[in-house]
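Any read-out appearing in this document is the output of simple, stated calculations on the displayed coordinates, not a laboratory observation. Quick caveat: nothing in here was measured; it's all calculated off a predicted structure.
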Amino acid sequence: MDGTAIIIILAIAGVASVLLFAVKGLLDQVPDVIESAGRARDSWQRFRQPELPPRSDDEEPPMAA
C-alpha cells in the first residue's frame with residue numbers, strides 16, 4: 001500500500017507539471033495572437049475603405065474652352 005500511494009502521488013505531480021507546461025506554452029502565444037489579430041483588422045479596414053489621395057485646394061480648376 002505504501003508503494004502504491006507514492007506512485008499515485010508521483011503520477012499526479014507528473015500530470016500537474018505537464019499541464020502547467022502546456023498552459024504556459026499557450027499563454028506565451030497570446031500576445032502574438034492579439035498582435036496578429038490587430039494587424040489583420042487594420043488590413044481589413046484598409047481593404048474596405050481605401051485611402052483617397054489628399055485633395056489640394058490650392059489648385060485652380062481646369063479652364064473651360
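Once phi is turned into ³J(HN,Hα) by the Karplus curve 6.51 cos²θ - 1.76 cosθ + 1.60 with θ = phi - 60°, what whole-Hz value does each residue of region 35-47 show in order, with x for glycine and proline?
With coefficients 6.51, -1.76 and 1.60, one gets 5, 5, 5, x, 5, 5, 5, 4, 5, 5, 5, 5, 5 Hz.
Expressed in nm to one decimal, what extension gain is obtained for the pair PHE21 and ALA37 from 0.36 nm per residue of sequence separation less their Cα-Cα distance?
Length gained between PHE21 and ALA37: 3.3 nm.
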